[in-house]
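The values are calculated or read from the model by the stated rules, or taken from the named source; none is laboratory data. A quick note: this is a predicted structure, and the numbers were derived from the prediction, not measured. So basically every Cβ, Gly included, is an ideal-geometry build from the backbone, and we count neighbours across all protein chains shown. These area figures cover heavy atoms from the full protein model, side chains too; ligands, DNA and RNA do not enter into them. Shrake-Rupley method; radii C 1.70, N 1.55, O 1.52, S 1.80 Å.
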Amino acid sequence: MVIGYHRVSMLRLHLRRGLREAGHSALDFFPTRLPSQLLVRNASSQMKGRNTWKYSFRVAGVCSVFSAMHAGVSLLDAADDEDGAASDGAAQAPAREYVPPPAKLDDPEENYKILTSWRGNIHAAQECFRKLDMEGAERELKTALEKAAHFGSGSAPVATSLVNLAELYRRLGRFKEALPLLERATDTLDQTAGPNNKVTIRALVDLADTHLQLKSIAAASDGFEDVLRRLDIAEENQVAGRDPLRLVRAGVLLKAAALDVELGMHAEAEAKLRQSLAIAEERWGKDSPRTLAPVAELARLLQSVGRVQEADAMCSAAERMADKEEQKQQLAKTRRLIDADLAAGK
């Protein structure tokens, strides 16, 4: 279909207006939250064939036991860029596949109308989550996915909607339902945003963690290794964005260490945790509360392998950093184990 220059310009104008409120902010995986950004591709750049993305919606995920969400936390966590995881729900059928009519690419008013309506569903899901209305949030996100299909199965709104719904399921412990959504989303992002793009890498982290939660150990291991390889390439090629990518690596290492512990590979887990800690200290300083997660996990690991004195020191450091009640409760469990070992003369 040949689209006239004037109509192309109008389409760009309307879609720019629809995307203007999307704020660009790099996500910080580390240390107390592992957020997943949800993206809308810049429509004008899409027409030019470029892979330009903007952040429009953010969902907080799980980084470690020290990042458990309390009841009032928003699904759309607006953490700062550089300064700055549920009980099982009843199994429900996946979102019904929506077969839309062909997108009218030469009709900017229609596309703008659908895009605006789609964004309305995203914001409505946010409000439902804030009110702890999970059924309402799921309903809105499924509707958003159906509307996004207007732009094509490989479009940015579809990838965004898939990740949104998957993250809701992950927060509710419905990992089996999240898995196929993340598989579809990562396939789309791999082809559009690019294999080593930060947004693709983050979605792949969520996919690998979902495999881990489902005890698909081999798939989780392959997933984390793939992410770390991609990060090697991304850090080498994206000099300006290297610091945020290093923080992504810290979060990946933290999760990959949990997998090593699951496999009984304690030495490998310790190495990953110490590397994660080094990245955090490099960014925020040695005594920053943002280094809590790897310090606390090291304390637990060292206690489990009988290195009690080292565990005691790590736990004390973590206790000084903890400022949230759930963090203190988790550390109290580790402290009781360490104190019992010390009393036994270990």
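Points worth noting:
- Across segment 284-329, the qualifying residues are those that are over 23 Å from Asp260 (Cβ atoms) and in contact with a Phe, Trp or Tyr (Cβ under 9 Å, 6 or more places away or on another chain), and the one among them that is least open to solvent (accessible area, probe 1.4 Å) is Ala322.
- Subset of segment 242-266 [more than 22 Å from Leu301 (Cα to Cα), open to solvent by 20 Å² or more (accessible area, probe 1.4 Å) and not acidic (Asp, Glu)]: Arg242, Arg246
- Restricting attention to segment 193-218, the residues being among the aliphatic types (A, V, I, L, M) and either out of contact with any helix residue (DSSP H, G or I) (no Cβ under 8 Å at 6 or more places or on another chain) or surrounded by fewer than 16 Cβ atoms within 10 Å (Cβ to Cβ) (or both) number 3.
- Taking the criterion of being open to solvent by 10 Å² or more (accessible area, probe 1.4 Å) and either in contact with a helix residue (DSSP H, G or I) (Cβ under 7 Å, 6 or more places away or on another chain) or at pLDDT below 90 (or both), the residues of segment 140-162 that qualify are Glu140, Lys142, Thr143, Leu145, Lys147, Ala149, His150, Phe151, Gly152, Ser153, Gly154, Pro157.
- Restricting segment 191-208 to residues that are part of a helix (DSSP H, G or I) and more than 16 Å from the chain's Cα centre (by Cα), the residue that is modelled with the lowest pLDDT: Thr192
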